[in-house]
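Below is one structure, written out as structure tokens; comments come after it.
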Number of protein chains: 2
Amino acid sequence: MTSTVVTNIGQLVTNDPAAADLLGVIDDAALVVEGSTVAWTGPATDAPTADEQVDAGGRTVIPGFVDSHSHLVFAGDRAAEFAARMAGESYAAGGIRTTVAATRAASDEELTSHVAGLVAEMRRQGTTTVEIKSGYGLSVLDEARSLAVARQFTEETTYLGAHVVPDGTTPEEYVALVTGAMLEACAPHARWVDAFCESGAFDADQSRAVLEAGMAAGLEGRLHANQLGPGPGVRLACELGLTAVDHCTYLTDADVAALADSGTIATLLPGVEFSTRQPYPDARRLLDAGVTIALASDCNPGSSFTSSIPLCIALAVREMGMTPAEALYAVTAGGAAALGRDDVGVLTPGKRADLAFLDAPSYVHLAYRPGVPLVTSTWLGGRPL
Amino acid sequence: MTSTVVTNIGQLVTNDPAAADLLGVIDDAALVVEGSTVAWTGPATDAPTADEQVDAGGRTVIPGFVDSHSHLVFAGDRAAEFAARMAGESYAAGGIRTTVAATRAASDEELTSHVAGLVAEMRRQGTTTVEIKSGYGLSVLDEARSLAVARQFTEETTYLGAHVVPDGTTPEEYVALVTGAMLEACAPHARWVDAFCESGAFDADQSRAVLEAGMAAGLEGRLHANQLGPGPGVRLACELGLTAVDHCTYLTDADVAALADSGTIATLLPGVEFSTRQPYPDARRLLDAGVTIALASDCNPGSSFTSSIPLCIALAVREMGMTPAEALYAVTAGGAAALGRDDVGVLTPGKRADLAFLDAPSYVHLAYRPGVPLVTSTWLGGRPL
């Protein structure tokens, strides 16, 4: 097994839980990779030798971003809808149907090629783990093939048949399909089951039915909730002991308490609020209550067509009361927690050597230099891409 | 002279003033370059032949960004000050002094290398013309060498000795220096003269003295004004017939009327408001009054350490009431107007072939895909960088 020592790291973020600071920062550091995992981290002066040596040139090295929420399997775009919304129209979940029609009309090859392009774009920006949902098929065939496409790119695939109720069917009929034949076709391709618990999509009883059926079929649960207004979704997620509940824009004190008590991760998606001009979720309130936060892109053509985790960091710091350290933690270790993963998001011995090099002397620059593509190299499993 | 035809352009933005739409958009277009200038634009089906052919692969082609306001000549950074400000401290112009000390301590080679890095970073993001100010020297020697460094990278150099009053001197003494020996040393390296007309920096009389002395020495005038609060700067700029006045965050109705009447360009710098958590300037109000707007980065280590013009576009659309078309115009033709240039910012025959290729089917994606590095290639004077 080949070993590589990365020397001359100006600042190394490890997220080591044993460190005194949140990020486990080591200045003037080195890191040793053996095969696909981290073998050693520490001060450069103590670095062991290895088969190969890479000079980081004083750059900052961080764990690769873990983007725990995306909807990459789709066709078409909604640039005109975006421009109209920015000119004053409000965001409506029904716009999803536009993408459903384009996605159904696309070939498997077109969908695969499109996902490949977006995943490559994410990788260039430092993302090393990405969750990908279905949800623009809304038929047995199209949901199953969406997940089969996603599975080519990640193990973190999520069955989101319950995205919206498609035209031509009643909610009752559709929930029966989502919990029946569609689940059967999709479960082999998915790790997670999800639902959009929101006014205009699925209510709490319908969401519960979808999640319980999915979990009975061996999937793990996560939920979209409280994006467009207050609602029962966050408490449902906590009651069911889901790994994560996503959006959390409109929360009551009872919702915050339920999150703190349950340990369910709150995934915040500020690209959505940026792109829909909604108010941002209050991350500070959640952190102060002891809730663990993940930040993710929600990359999708309707409400957040960004793949940029650095933008999410900058928005979390500008708009949501997070420090640069808390925001970086939330897109690495927080994202990993939201996927129930302990092998990524951390750079300590034994963990996956998924990492990003930043053309910056400090991780703070991810927030301090908004919009600037600072990632110069992304390593996946110990190797540069 | 070699000619090149760029074919298979999905969407071409020309900013042709003769077009019916603001951006002079041509779908399914081609563009011919001869030497360093544009020779022809039009529908791909009508494209003439040329010595060389480049396939744009369906990408969007836009005029290169004209970033009319930056402060790239400095040393050190202020990441800690940024993080403290995000944790609740307010922005104070006095922070400039931190950078002055670091800049004075840096060698010419260090300053040049640092500017080269930032200009390269801008170029990768699609910027083809950049204005660079002095203003972190604040001594005859350090202002003059700052401009000499800047002049290696652009013709658009601006003498900003009147940035703040340095420690150890009175405002009266310093204005005498800025309008005397410092001006004499700096004028040979500068095209523009500028002052920071703001509470805590220079008042209207002092700013007027600096501008009039600079103009008497053959420089053209521009001004920082109305950034941190209401003030006399915008009206002073209009009265003096300056090409541009920059920031314009706090404007009275009289300020807006003066801008509309004078034709002075209002340069808005949303990276500052993003990074200082100040309210954004109201671009819509200015556009509705008939004022021409430029958007620029204000790239500097204190209040806006972004070099990303695409971020400025996204912020202008999200926060300032501009359409994606108005925002793109403001960073191309608007930036050119703010520099008194008519050879850049437009892709019509005879203009400089400075352009950027976007991995997107439409320019709208610059706002629709915030944070995503969409620029795949930047051409300067008809040649890829």
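The values are calculated or read from the model by the stated rules, or taken from the named source; none is laboratory data. Remember, predicted model here, so these are calculated numbers, not experimental data. Note: ideal-geometry Cβ built from the backbone for every residue, glycine included; neighbour counts use all protein chains shown. Each accessible area value is taken on the protein alone, full model and side chains, heavy atoms only, with ligands, DNA and RNA left out. Shrake-Rupley method; radii C 1.70, N 1.55, O 1.52, S 1.80 Å.
Per-structure values
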read-out	value
Highest to lowest packing among A:39-47, A:276-284, B:299-307, B:204-212, scored as the average C-beta count within 10 Å	B:299-307, B:204-212, A:276-284, A:39-47
Simple label model, 7 Å out from Cα along Cβ direction - residue B:277 to residue A:108, nm	5.1 nm
Amide hydrogen neighbours beyond the local backbone of residue A:249, cut-off 5 Å, H modeled	A:227
DSSP beta bridges in the range B:228-385 [antiparallel fraction, %, rounded to 5]	55 percent
Protein accessible surface hidden between A and B, which excludes ligands and nucleic acids, total in Å², probe 1.4 Å	3200 Å²
Karplus-derived HN-Hα couplings along the range B:339-344 (A = 6.51, B = -1.76, C = 1.60, θ = phi - 60°), whole Hz, x at Gly and Pro	10, x, 10, 10, 9, 10
Rounded to the nearest 10 Å², the accessible area of residue A:265 at probe 1.4 Å	10 Å²
Stretch gain in nm, segment residue A:89-residue A:8, where the contour uses 0.36 nm per residue and the Cα spacing is subtracted	24.1 nm
For B:369-380, mean number of other protein chain Cβ atoms within 10 Å	6
The range B:284-385: C-alpha gyration tensor shape, a/c 1.5 cut-off, then a/b vs b/c	rounded
The range B:331-336 - phi-based ³J(HN,Hα) in whole Hz, Karplus 6.51/-1.76/1.60, Gly and Pro as x	9, 10, 5, x, x, 4
Surface share of carbon and sulfur [accessible, 1.4 angstrom probe, percent] for the range A:156-301	51 percent
Sum of -39500 (n - 2.57) over DSSP H runs of 4+, divided by residues of chain B (222 nm, nearest 500)	-9500 deg cm²/dmol
Amide H partners (placed H, <5 Å) of residue B:295, local residues excluded	B:268, B:331, B:335
Derived scalar couplings ³J(HN,Hα) [the range B:249-257; Karplus, 6.51 cos²θ - 1.76 cosθ + 1.60; whole Hz; x for Gly, Pro]	7, 10, 10, 8, 4, 5, 5, 4, 5
Listed peptides B:187-199, B:361-373 by packing density, highest first (mean Cβ within 10 Å)	B:361-373, B:187-199
Occluded residues from the range A:296-330, i.e. those whose accessible area drops by 30 Å² or more once the chain is not alone (1.4 Å probe)	A:305, A:311, A:317, A:318
Prolate/oblate/rounded call for the protein assembly as shown, Cα gyration tensor, a/c under 1.5 rounded	prolate
Rounded if a/c under 1.5, otherwise prolate or oblate - the range B:159-265, Cα gyration tensor axes	oblate
Residue-level accessible surface for residue B:21, protein heavy atoms, 1.4 Å, Å²	70 Å²
Considering only the protein assembly as shown, percent of DSSP beta bridges that pair antiparallel, nearest 5	45 percent
Label 7 Å beyond Cα on the Cβ vector: residue A:89 copy-to-copy distances, nm	4.6
Carbon/sulfur fraction of accessible area - the range A:1-61, other protein chains in place, 1.4 Å, %	45 percent
Those residues of the range A:232-254 whose amide nitrogen sits under 14 Å from the label point placed on residue A:212, 7 Å along Cα→Cβ	A:236-237, A:239-241
1.4 Å probe accessible area per residue over chain B, in Å²	32 Å²
